[in-house]
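Read through the structure below, which is laid out as structure tokens, and then see the notes.
The values are calculated or read from the model by the stated rules, or taken from the named source; none is laboratory data. Note that the structure is a prediction, hence the values are computed from the model and not measured. As a convention, Cβ positions derive from the backbone with ideal geometry for all residues, glycine included, and neighbour counts pool all protein chains shown. The protein model used for the area step is the full one, side chains on, heavy atoms only, and it has no ligands, DNA or RNA in it. Shrake-Rupley method; radii C 1.70, N 1.55, O 1.52, S 1.80 Å.
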Amino acid sequence: MHARSDAASEVMPSWPEDIFAILQRFDVRQVPYVPDAGHSQLIERVLGSSAMRAIPLTTEEEGVALLTGAWAGGQRGVLLMQSSGVGNCVNMLSLTQVFRFPFLTLVTMRGEWGEFNPWQVPMGSVTQGVFELCGIKVLRASHPGEVREVVEAAAGQAYNACTPTAVLLSQRLIGAKVFTK
């Protein structure tokens, strides 16, 4: 048995391309990520880019520290993760308040729309609240047509106003995972 996404199965969504173009426009250079099916198309684009560096992580909080260092070294970055990893970042997210650096994270949601795994539900239910308690502004995209506008606004907040920002990419957008034989 393996997991597959339920989202518009055969057709590759175009919103990851929109995100990639926005990251290019904002001169994002470093893209730490924890491997995730919801971000796979975007990760592949970053891996193929000569202007961006994709950095696989063993745990999400490493990405917060990495982005702090990237900013100190004069580069912008974005952290890609799944909602289940947000709880791992709570202590490290204090860096966004202490150093006021341009923090942006794109979070694929689990534990909401059609979730099959009960272990994903608790963190998926509190992801937005956790970010807000840590002083991170939260924007959400639930439909393909709004991804470009939401990510553009989030990147502007993060990179221009140094407002730490998270974009939650709804499980409805990503598609619920299901087990198949």
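Residues that are open to solvent by 10 Å² or more (accessible area, probe 1.4 Å) and among the hydroxyl-bearing types (S, T, Y) were ranked within region 120-169; the one that is modelled with the lowest pLDDT is S125.
State whether the residues of region 77-84 include one that is open to solvent by 60 Å² or more (accessible area, probe 1.4 Å) and of a type in the set (S, T, N, Q). Checking region 77-84: not a single residue is open to solvent by 60 Å² or more (accessible area, probe 1.4 Å) and of a type in the set (S, T, N, Q).
Conditions (1) more than 18 Å from E17 (Cα to Cα); (2) small (G, A, S), marked per residue:
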residue: V138; (1), (2): yes, no
residue: G145; (1), (2): no, yes
residue: E149; (1), (2): no, no
residue: E152; (1), (2): no, no
residue: A158; (1), (2): yes, yes
residue: A161; (1), (2): yes, yes
residue: A166; (1), (2): yes, yes
residue: L173; (1), (2): no, no
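Go over the candidates E152, E132 one by one and state the one that is farther than 26 Å from S14 by Cα and of a type in the set (D, E).
E132
For region 56-76, give me each residue that is surrounded by fewer than 16 Cβ atoms within 10 Å (Cβ to Cβ) and within 16 Å of the chain's Cα centre (by Cα).
Pass one, region 56-76, residues surrounded by fewer than 16 Cβ atoms within 10 Å (Cβ to Cβ): 56, 58-59, 65, 69, 72-75.
Scanning region 56-76 gives P56, T58, T59, A65.
Inspect all residues belonging to region 69-79 and state whether any of them is in contact with an Asp or Glu (Cβ under 9 Å, 6 or more places away or on another chain), of a type outside the set (V, I, T), closer than 23 Å to G175 by Cβ and not in a helix (DSSP H, G or I). Yes, region 69-79 contains a residue that is in contact with an Asp or Glu (Cβ under 9 Å, 6 or more places away or on another chain), of a type outside the set (V, I, T), closer than 23 Å to G175 by Cβ and not in a helix (DSSP H, G or I). Restricting attention to region 85-100, the residues being in contact (Cβ under 8 Å) with a residue 24 or more places away in the chain and open to solvent by 50 Å² or more (accessible area, probe 1.4 Å) number 8.
Counting only helices (runs of 4 or more DSSP H) that sit wholly inside region 86-178, those with at least 1 residues that are within 13 Å of the chain's Cα centre (by Cα) are 121-133, 144-161, 171-174.
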